[in-house]
Amino acid sequence: MFGACGIRLIWVFFFLPMNRTLRFLYVSYPLSWGITFAVAVGLFLWLTYSRRLDAIIREKALPGGAQ
């Protein structure tokens, strides 16, 4: 929730005063969606990778493992 709304608030308070048009305000919507989506995908990939890495480390640390 913070992603989409937070980016729009930043846009309205910092960038909109530079160009006070409705069109410039509308730019904030796809921009905030795109940034929020990119961050969500990045977090998903990071968490997936870190969980797989933890599983590999645990598997190798177990006594009597694969080796």
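Bear in mind these aren't lab numbers, they're just calculated from the coordinates by the rules spelled out. These figures come from a predicted structure and were not determined experimentally. Positions of Cβ are generated from backbone atoms using ideal geometry, with glycine treated the same way; all protein chains shown enter the neighbour counts.
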Which listed residue is surrounded by fewer than 10 Cβ atoms within 10 Å (Cβ to Cβ) and aromatic (Phe, Trp, Tyr), from 44, 14: 14
First in region 8-26 and closer than 16 Å to residue 36 by Cβ, second anywhere and surrounded by 13 or more Cβ atoms within 10 Å (Cβ to Cβ) and of a type outside the set (Ser, Thr, Tyr), Cβ under 6 Å, 6 or more apart: none
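I'd like to verify a number: residues in region 8-39 that are in a helix (DSSP H, G or I), out of contact with any Lys or Arg (no Cβ under 8 Å at 6 or more places or on another chain) and of a type in the set (S, T, N, Q), how many? Show your work before the answer.
Let us first name the residues in region 8-39 that are in a helix (DSSP H, G or I), namely 8-18, 22-26, 28-39.
So of that shortlist, the ones also out of contact with any Lys or Arg (no Cβ under 8 Å at 6 or more places or on another chain) come out as 8-18, 22-26, 30-31, 33-39.
Narrowing further to those that are of a type in the set (S, T, N, Q): 36.
Count: 1.
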